[in-house]
Every structure is written in structure tokens, then in C-alpha cells.
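What follows is a single structure, written as C-alpha cells, with notes after it.
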Amino acid sequence: MHNRPYPPTEPLEINPSDSVADVLAKMQKISFQGRELGNAFDVWKQMLQDECTIWLGLSGAMTAGGFRNIVRYLIEHRLIDALVSTGANLFHDVYECLGTPHFLGDPDEDDLHLREQRLDRVYDTYLDENVFRVIDHWVMHWAYTKLEPRPYASREFFHELGRTLSASARQEGILTAACKAGIPVYCPAVADSSFGLALAGRTDKKTPPFQFDLVRDVEETAMIFEFSTETAVIYVGGGTPKNFIQQSAVIVDHAQERGHKYGIQITADAPHWGGLSGCTFSEAKSWGKIHPQARMATVRADATIAFPFLVTAVADAGRGLLATRRKPSFTNGRELEFNGHTLAGWRTSFADEERLRQTIREAELPDLLADGLTE
């Protein structure tokens, strides 16, 4: 017996008949990142039991890392409700959906030799540069000839791309699954990807360049936050997808100070470098992005190791929860409808104007900053 006011650890017992869910449940009683992975499993189950909108932020080039079908599964089974991704993940998704694989490579290969072979390297994985160029051209042609000449939210653009791919794809993927499930997919840094290169490569320079309405993306994510009973976030890595989801909690009236109620992140980065990918959920509370009493887990590990086990465990344990889960509803189109609400009927103030005036006075800021405030 012990007389300390803390629960004891429980050495992990190996049972050959245990499922992945069984093992992760046991890991909540061990230590270090193993315990955090077990905690992440428990937090995700709580998300599914609560009435909340679950966001997934997918950074890097995880599709090249083998994550396409993991994300597809999450979408098809509504283990997530909305996705924010880098353009790389979505372009690699298109590449695989059209029937071209990534290849097992060697991180020590001669990269100049790979260049001669028209093979691009993502650490230990290769892709066919020639096929990438073909897809670049096709995306350019599709966007300029099949879409209307007007600004598109990235969410609408990728919904339409998923719809087009569904008719010809050789494999189901992220965008095709999201289109069929009505799940919104946002890509706030779309220009920083092969999509940006493709759209900039229009052959007729007299044609105005394709335009994205990224401010509309911001408004839509804020509307989703405001009309969600609760919100939950899951981050694979960090970067732009993470911040884009985080900021949805602070765009609406600051006085609410709600923040996201649940949070899971898997990252190999550290907080002391000051980057967002390693930023803790605790730090995010200082910005009002995470609820003061949020249930959180941070797994500091390679996502290609931790995430497949986490998703497999949630898929197993969540089957019963999904039957009764109260999922948010989306209708994709030019206008996004979320739980019966649209932007046309919604506007929010960014902040309390009286508080702004008071801050300008107290901080002795230039009068210029009072422009636009009502008297």
C-alpha cells in the first residue's frame, strides 16, 4: 500500500488477445508519451460522446507519408467533421486518386540522379514529377474552363474538385470522400502548393488569374465555431492548418472567451523554439483559443507512428459511440450551410468598440488606430 495522494502507475501487461484499443487504454496508466497517446485516445472518445464539431488539421505532406486512406476513413465514418489541410496533402491526394502511387525510396539516394529520373523525393518516398506536371496542367485547365470566373472560397473549390474527381478517380481519396460526405475541406495556404503553381500556369495571360476568397474561408470557420454547441481540434503536426482552426475561436466576439473544448495534437516539434507546431495548448489558452477547462492531450512523437494506432483504436472503440453521435450538418455549395445557418444571415463584431477605445487611450496609441470606430 502507499500513502501518496496520487494514483499509481500500472506496468503494462502483454496480452496477445488485446486489441489496439485495449493497449491504448492500458497505456493511460504508464508514463511519458505512451501515457499521452493513451490520453489522446480517451479525449477523442469524449469528443464523440459530446455534441461538438470535430476539426482535423493536417500539416506537411502526410498523404505522401501514407495517410490518405486514414483521413478518408475518418471522413467516411464521421470521426471528424471538418478538415483544414496544406495544399501538399490535397495535391498528393489527387495524384494517388488518379492511379499513380508514391514509391518506397531511400533518404540517402543521390538527389541529382533522382532529378535525372524525374523523381521528386519526400525524405524516403518518391513521386513521379512527370505525372505531377500532367496534373498541374489538368488542374489549370479545369479551373479556368469548368469553374465560373469569380472568387472561390477554398472550401468550395475543393468541394467542386472532389465532385469532378469522383467521376474519374481510380481510387477513393480525401477529396472524393469529403465531397460525398458533405465534409468541408479548407486550404488557407493553397497558393503555397502545386495548386498555386498550376493556377499560375495559365497559357492565356490575357485571362484574369484565378482568385480565391480566403477571407470567406475565415468567415465560414468563425460561423461554424459560433453555431457549434462545442468544438474539438485534432492536429497532425502544426503550421498553417493548426493556426487556421485555432483562430476560429477568437474571430467572434472576444467577450465570449469560449475556446475549443477538446484538443489533441501529435507533433515532433518543441515549444521552446517559439513556433506554432510545438506550441502547447496551455499557451493557446492565453490567446483565448482553447477553453480554460479543455480536455487535452499532446503526443510528442512522429505522427506516422502514433496516428495510425490512435485512429485504429478510436475506430474500434468508437463504433458504439457513432451510432448515437449527434453530428453537425453541412451543405456544401457556393454558400456553406452549417446547422441551418449561412453567412448571409450571420455577422459578428470582431471586438467591443468601447474596449478598443479604452485600449487606445491607456496605451497611448496613435489616433490613426481609432479610424473606423463609431463615435
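Of note:
- Residues (of a type outside the set (A, V, I, L, M) and assigned to a helix (DSSP H, G or I)) located in segment 1-44: 22, 26, 32, 33, 34, 35, 36, 38, 39, 41, 42, 44
- Segment 260-308, residues that are touching a Leu at 6+ places or on another chain (Cβ under 9 Å) and within 15 Å of residue 43 (Cβ to Cβ): 264, 266, 297, 299, 306
- Residue that is nearest to the chain's Cα centre (by Cα) [pool: residues in segment 45-62 that are within 24 Å of residue 247 (Cβ to Cβ) and not in a strand (DSSP E or B)]: 59
- Residues that are acidic (Asp, Glu) and surrounded by 23 or more Cβ atoms within 10 Å (Cβ to Cβ) within segment 37-64 are absent altogether.
- Evaluation of residue 169 against the conditions (1) among the small types (Gly, Ala, Ser); (2) surrounded by 20 or more Cβ atoms within 10 Å (Cβ to Cβ); (3) in contact with a Leu (Cβ under 8 Å, 6 or more places away or on another chain) shows that the sole unmet condition is (2).
- Residue match in segment 319-337 (condition: of a type in the set (Ser, Thr, Tyr) and farther than 19 Å from residue 43 by Cβ): yes
- Counting only helices (runs of 4 or more DSSP H) that fall entirely inside segment 301-363 and contain at least 2 residues that are in contact (Cβ under 8 Å) with a residue 12 or more places away in the chain and crowded, with 16+ Cβ neighbours inside 10 Å, the qualifying elements are 303-317.
- Residues being modelled with pLDDT under 95 and hydroxyl-bearing (Ser, Thr, Tyr) - total across segment 230-260: 1
- Filtering segment 248-276 to residues that are within 18 Å of residue 37 (Cβ to Cβ) and buried (at least 17 other Cβ atoms within 10 Å of the Cβ) leaves 262, 263, 264, 265, 266, 267.
- Per-region count, segment 277-300, residues more than 20 Å from residue 221 (Cβ to Cβ), of a type in the set (Gly, Ala, Ser) and surrounded by fewer than 21 Cβ atoms within 10 Å (Cβ to Cβ): 3
- Here no strands (runs of 3 or more DSSP E) wholly within segment 76-163 include at least 3 residues being surrounded by fewer than 22 Cβ atoms within 10 Å (Cβ to Cβ), in contact (Cβ under 8 Å) with a residue 12 or more places away in the chain and on the phi > 0 side of the Ramachandran plot.
- Subset of segment 53-92 [of a type in the set (Gly, Ala, Ser), under 21 Å from residue 139 (Cα atoms) and touching a strand residue (DSSP E or B) at 6+ places or on another chain (Cβ under 6 Å)]: 61, 64, 85
- Scope segment 223-247; condition surrounded by fewer than 24 Cβ atoms within 10 Å (Cβ to Cβ), among the polar types (S, T, N, Q) and more than 13 Å from the chain's Cα centre (by Cα); matching residues: 228, 229
The values are calculated or read from the model by the stated rules, or taken from the named source; none is laboratory data. The structure displayed is predicted, hence computed values, not measured ones. Methodologically, a virtual Cβ is constructed for each residue, glycine included, from the backbone with ideal geometry; neighbour enumeration extends over all protein chains shown.
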